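Student: Here's a structure for you.
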Amino acid sequence: MPLSSDQQAEIDALRSETRQTLRATVPGMEAHLYKAYPVLDHGFVRVVDYMGDDAAICQAARVSYGKGTKSVQNDEGLIRYLMRHWHSTPFEMCELKLHVKLPVFVARQWIRHRTANVNEYSARYSILDREFYIPAPENLAAQSVVNNQGRGQALTGEEAARVLEYLKADSTRAYDHYAEMISDEGQQGLARELARMNLPANVYTQWYWKVDLHNLLHFLRLRADTHAQYEIRVYAEEICKLVADWVPFAYKAFEDYRLGAVTMSAQMVDCLRRMIAGEEVTEENCGMSKREWREFMGVVG
Ligand SMILES: Cc1cc2nc3c(=O)[nH]c(=O)nc-3n(C[C@H](O)[C@H](O)[C@H](O)COP(=O)(O)OP(=O)(O)OC[C@H]3O[C@@H](n4cnc5c(N)ncnc54)[C@H](O)[C@@H]3O)c2cc1C
């Protein structure tokens, strides 16, 4: 359970209050506001605040005085044009603020996205909860034999049981020592900022993460992708659902021109042209590396 009953009560109280505003609001996003959506075994994502909507993107692109909307079709067409042609600054006019609870090793990947504003729970000041990410059996996978940066089939039998037991026992033991070291009962008690170094990378942390829509979509393109590690991908997929309800035109354009799109090199385009002209193009005569040829065949093959 990612939230305590007190935390849930705070969220319910926030959701029961409504305010009048002149600002743009989006019914799809209002429905999500403050709610915690579970991710992994103890994590969550929740929207704390947002600014802007699809119309705000068009308004900025047109530098208009009013809402900027000529017609709904015009807005969608403009957004698709902007996305297609990498005209990115209008998307920066929308902002999203999330509260995320995530394992530390996922946070290390996430924090590489430098274009967001972050404030993390202080483990110098506060005591971390006894919560560790333990993969579900189907996600307890073996090292991939084809991709050094990936995983293969799920572990099975005695090996799966032993690995799961190590993960649980080691996490528990490390936390027990952490709790014992910081305790001031009958001893001075080690500083929290030092004791935390004993905790494993699967312990959960939390942060507020604020980002504009352009950089959020960049994050989602990289982290909702099949090449991203499963444990960060599930967060990105949850955020994708929120963005789809927040800025539906922008999200659809993102799906079409980024998520579902491919980038082709000049050699790839040349090969494609030769193929369409009826030439037999092979790995030997394509002018690309083995790996690039494999990627190309993955797209057109
Ligand atoms: C599948 C996958 C595997 C990865 N493997 C590794 C790995 O093995 N090792 C590793 O270290 N990292 C790895 N990364 C992280 C990756 O290299 C990037 O650091 C991360 O995805 C953040 O991307 P970004 O820099 O584009 O994003 P952001 O930091 O959000 O930046 C967005 C864009 O802003 C611009 N920008 C931001 N800051 C600067 C700057 N200081 N100077 C110039 N331009 C800037 C760039 O155009 C950048 O693309 C991996 C990422 C993925 C998705």
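Student: Mind checking which pairs have a first residue in the stretch 212-237 that is closer than 28 Å to LEU140 by Cα and a second that is open to solvent by 60 Å² or more (accessible area, probe 1.4 Å) and more than 10 Å from the ligand (Cβ to nearest atom), Cβ under 7 Å, 6 or more apart or different chains?
Tutor: Partner pairs satisfying both residue conditions: ARG221/LEU259; ALA224/GLU237; ALA224/LEU259.
Student: Could you count how many residues in the stretch 104-116 are within 12 Å of the ligand (Cβ to nearest atom) and either open to solvent by less than 90 Å² (accessible area, probe 1.4 Å) or assigned to a helix (DSSP H, G or I) (or both)?
Tutor: Summing the residues that are within 12 Å of the ligand (Cβ to nearest atom) and either open to solvent by less than 90 Å² (accessible area, probe 1.4 Å) or assigned to a helix (DSSP H, G or I) (or both) in the stretch 104-116 gives 7.
Okay, residues lined up against (1) closer than 23 Å to ASN147 by Cα; (2) within 16 Å of the ligand (Cβ to nearest atom); (3) at pLDDT 95 or above:
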| residue | (1), (2), (3) |
| --- | --- |
| ASP176 | no, no, yes |
| TYR208 | no, no, yes |
| VAL211 | no, yes, yes |
| LEU217 | no, yes, yes |
| GLU231 | yes, yes, yes |
| VAL234 | yes, yes, yes |
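Student: On to the next question. Out of the stretch 117-133, which residues are open to solvent by 30 Å² or more (accessible area, probe 1.4 Å), more than 16 Å from the ligand (Cβ to nearest atom) and within 19 Å of the chain's Cα centre (by Cα)?
Tutor: ASN119, GLU120, TYR121
Student: Determine which single condition GLN73 fails, assuming it passes every other condition in (1) open to solvent by less than 30 Å² (accessible area, probe 1.4 Å); (2) modelled with pLDDT under 95.
Tutor: (1)
Student: Sticking with this structure for a sec: Can you name every residue in the stretch 25-53 that is out of contact with any strand residue (DSSP E or B) (no Cβ under 8 Å at 6 or more places or on another chain) and in contact (Cβ under 8 Å) with a residue 40 or more places away in the chain?
Tutor: GLY28, ALA31, ASP41, ASP53
Student: Follow-up. For the stretch 253-279, which residues satisfy the criterion of being closer than 26 Å to GLN109 by Cα, more than 16 Å from the ligand (Cβ to nearest atom) and among the charged types (D, E, K, R)?
Tutor: GLU255, ASP256
Student: Looking at the stretch 71-83, is at least one residue free of Cβ contacts under 8 Å to residues at least 24 places away in the same chain, of a type in the set (Ser, Thr, Tyr) and away from the ligand (no atom under 16 Å from the Cβ)? Full working, then the answer.
Tutor: Residues of the stretch 71-83 free of Cβ contacts under 8 Å to residues at least 24 places away in the same chain: 71-74, 77-78, 81.
From what's left, of a type in the set (Ser, Thr, Tyr): 71, 81.
When the remaining residues are screened for being away from the ligand (no atom under 16 Å from the Cβ), the result is 71, 81.
Checked the stretch 71-83: at least one residue is free of Cβ contacts under 8 Å to residues at least 24 places away in the same chain, of a type in the set (Ser, Thr, Tyr) and away from the ligand (no atom under 16 Å from the Cβ).
Student: Something else now. Name the residue that is farthest from ALA236 (Cα to Cα), counting only residues in the stretch 14-41 that are open to solvent by 80 Å² or more (accessible area, probe 1.4 Å) and part of a helix (DSSP H, G or I). Outline the logic, then answer.
Tutor: Here is the first cut: in the stretch 14-41, the ones open to solvent by 80 Å² or more (accessible area, probe 1.4 Å) are 15-20, 22-23, 27, 38.
When the remaining residues are screened for being part of a helix (DSSP H, G or I), the result is 15-16, 27.
Numbers: ARG15: 24, SER16: 28, PRO27: 22 Å.
Among them, the one singled out is SER16.
Student: Turning to a different aspect of this structure: Looking only at helices (runs of 4 or more DSSP H) that fall completely inside the stretch 146-241, which ones have 3 or more residues that are surrounded by 17 or more Cβ atoms within 10 Å (Cβ to Cβ)?
Tutor: Hits in the stretch 146-241: 157-182, 213-223.
The values are calculated or read from the model by the stated rules, or taken from the named source; none is laboratory data. What you see is a predicted model; the values in this text were computed from it and never measured. Note that we place each Cβ from the backbone using ideal geometry, even for glycine, and neighbour counts take in every protein chain shown. The area values use the complete protein model at the heavy-atom level, side chains included, leaving out ligands, DNA and RNA. Shrake-Rupley method; radii C 1.70, N 1.55, O 1.52, S 1.80 Å.
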